[in-house]
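Okay, structure first, notes after.
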Amino acid sequence: WTYSCIHCVRTLPYITKWDRTYRDKGLVIIGVHAPEFEFEKDVGNVKNALQAHNIEYPVAIDNKLDTWTAFKNRYWPAHYLIDKDGKVVYTHFGEGNYAETENNIRHLLGLDAKADAGSETPVISKGQTPETYLGTSRAEHFASPEKLATNNGIFSLPKFLPTDHWALSGKWRVEDERIISQQAGAKLQLNFTAGKVFLVLGTQDGKPITATLALNGEPISAATGKDAPNSILTVKEHTLYELVNQPSVKNGLLEITASESGLEAYAFTFGN
């Protein structure tokens, strides 16, 4: 897992509950924190995340991805159940399958299976915008007229922004895994389809920076995410921020305007 990944974050309530429920029955949970972005290698950031998510089981720091490689892993999150003889007997990649995973835990502990938990609420809807990276190493669907290249650049918005595409205006520095605002008023636009919109953000020097949000050209009101009250987002640390929380899956045009230089943006993720 890694702490700024929404798919990992949504699994943590289940895992911490299993830890509380089954620890005294023999379950040992070990988290392996495998960073996706450079800032996730900071042990202080990981410790803050453990506290925020009430994680009490041990977490190994896999900054060189040695454990990731040894398991031939390709996913955040990835769950491995290992029996008392040290054999991996069950794996699940991504979100979901919580009832199945828990029943496998119970089986390994010699407990009866629980009743099926019923249908799980899907977190990905049909037609939902895919995870969208902003740095040059994995960027796709960039729609500004200017080329996205590793350098400082001045960008402009296209006349039309297609669905699932993003664009910039103003001065930005573009790097392999992030983009960084270089002036007040620099904008990031995204045409998305989802219920919720999340964005991994940080600041260049650790100083809080604000950003103003608009949805379809208007301040976000009832659909604002928990981290952007009154359409104002304050970025204090490198982590995942919830920007939009609509009651249903809808198409929308999100615009983020930086109050000053130094706002870092890494990747958009989505949910229902």
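The values are calculated or read from the model by the stated rules, or taken from the named source; none is laboratory data. Small disclaimer: the values here were computed from a predicted structure and weren't measured. Cβ sites come from the backbone with ideal geometry, for glycine too, and all protein chains shown count toward neighbours. Surface accessibility is based on the protein's heavy atoms, side chains included, excluding ligands, DNA and RNA. Shrake-Rupley method; radii C 1.70, N 1.55, O 1.52, S 1.80 Å.
From the alpha carbon centroid of region 168-189 to that of region 7-22 is 36 Å. Taking label positions 7 Å along the Cα-Cβ direction at both Glu131 and Ala70, the computed distance is 2.4 nm, reported to one decimal.
Using a probe radius of 1.4 angstrom, the carbon and sulfur fraction of the accessible surface of region 158-207 is 44%. The length gained by stretching the chain between Asn97 and Gln183 to full extension, at 0.36 nm per residue less their Cα-Cα distance, is 26.5 nm.
Subtracting the Cα-Cα distance of Leu27 and Asn48 from 0.36 nm times their residue separation leaves 5.1 nm of extension gain.
Rounded to the nearest 0.05, the FRET efficiency derived from the C-beta distance between Asn151 and Ser221 at R0 = 35 Å is 0.40. Applying a DSSP loop filter and a limit of 13 other Cβ atoms within 10 Å to the GluC sites (Glu not before Pro) in region 1-103 leaves Glu56.
In the chain, helical runs assigned H by DSSP with n ≥ 4 each contribute -39500 (n - 2.57); averaged across all residues and rounded to the nearest 500, the mean residue ellipticity at 222 nm is -5000 deg cm²/dmol.
Accessible surface for the chain, divided over its residues, is 51 Å² per residue with a 1.4 Å probe.
Computed over protein heavy atoms with a 1.4 Å probe, the carbon and sulfur contribution to the accessible area of region 1-112 reaches 51%.
Hey, with R₀ at 30 Å, roughly what FRET efficiency would Leu81 and Asp176 work out to, going by the Cβ-Cβ distance, to 0.05? Don't jump to the answer; show the numbers that get you there.
On the way: r = 35 Å, r/R0 = 1.17.
It comes to 0.30.
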